[in-house]
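Just so it is clear, none of the values below were taken in a lab; they were calculated from the coordinates. Fair warning: this is a prediction, and the values are worked out from it, not measured in the lab. Cβ placement follows ideal geometry from the backbone for every residue including glycine, while neighbour counts extend to all protein chains displayed.
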Amino acid sequence: MTQPSLSVVVPVFNERDNVTPLVNEITAALRGQIDFEIVYVDDNSKDDSLQVLQALKTANPELRVLHHVSQSGQSTAVRTGVKAARAPWIATLDGDGQNDPADIPKLLAARGSAEEQVKLFAGWRVNRQDSGSKRWASKWANAIRARMLRDDTPDTGCGIKLFERAAFLDLPYFDHMHRYLPALMQRAGWKTVSVPVNHRHRTSGVSKYNNLGRALVGIRDLRGVAWLITRSKRTAVEEV
């Protein structure tokens, strides 16, 4: 099998109706453009998402399917996929279909014109298609995060991102870390870029988060990431 240049990692939990259309959109966006693989990580879904994924493998040789034997959350699922990935660069998508796979080439084009120190290209949902309450909650969360972390990123919650695998695996791991990748990458000494992307309505399934629960966890996580930033230390290394 050809070594892929890009691994598309998609975490899913109870998304059986979104799996097939999203896999089809990923292959339509990337076949003939780049050598790629798709790594789906099923986070112990209670529906038949895993069976749907397994059935898709015959028609989609790029597809690999991993399964958590116990539900572990989105950040763990992303990390599982990245660790299993065979490509040096990773693109992530949420499994609910709201991210548009057609934006992956846009992120790749941004990488092609960026300096080498940029290790993360983060999607920026300039026209969000969520409910008014979600948009309001996200607006305030982004404002608080920006004030505390100074990560110069307008939208860290967007699921579509492109980043270097090695740089990601060098970051400190904790639950919900996927929401703080720009700040964590910058803490490690790398640069990040935000790229405007499309955002779509959810057509099937239900959201796995609510505003209150996300806010309560977010406050604790923000304090932890801010602490990590204050305790970071970097130095140049030379071989003699």
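Things to note:
- The GNM of the chain, with springs linking C-alpha atoms under 10 angstrom apart, assigns the highest mean-square fluctuation among Pro61, Pro11, Pro105 to Pro61.
- Close Lys-Lys pairs in region 6-230, where close means Cα under 25 Å and separation is 8 or more or interchain: 23
- Value at 222 nm in deg cm²/dmol, rounded to 500, when DSSP H runs of n ≥ 4 in the chain each add -39,500 (n - 2.57): -12000 deg cm²/dmol
- Ordering Ile104, Ile26 by the number of other Cβ atoms within 10 Å of each residue's own Cβ, fewest first, gives Ile26, Ile104.
- Membrane-span-like helices of the chain, defined as complete DSSP H segments with a Cα extent of 20 Å or more along the helix axis and a mean Kyte hydropathy of at least 0.0, are identified as 16-30, 211-230.
- Close amide H partners of Ser194, meaning residues 5 or more places away or on another chain with modelled amide H under 5 Å apart, are Ala122.
- Charged neighbours of Ile90, selected by a Cβ distance under 10 Å, balance to +1 (K, R count +1; D, E count -1).
- Note, ³J(HN,Hα) from phi for region 152-166, Karplus 6.51, -1.76, 1.60, rounded to Hz, x at Gly and Pro: 6, 10, x, 8, 8, x, 5, x, 8, 9, 10, 8, 6, 4, 4
- Packing-based exposure ordering (other Cβ within 10 Å, fewest first) of His178, His68: His68, His178
- Cα-Cα pairs of region 11-138 separated by more than 17 Å (percent): 62 percent
- Sorting Val82, Val240, Val39, Val23 by the number of Cβ atoms found within 10 Å of their own Cβ, with the fewest placed first, yields Val240, Val82, Val23, Val39.
- The Kirkwood radius of region 6-230, taken over pairs of alpha-carbon atoms, gives through the Stokes-Einstein law at 10 °C and 1.306 mPa s a diffusion coefficient of 90 µm² s⁻¹.
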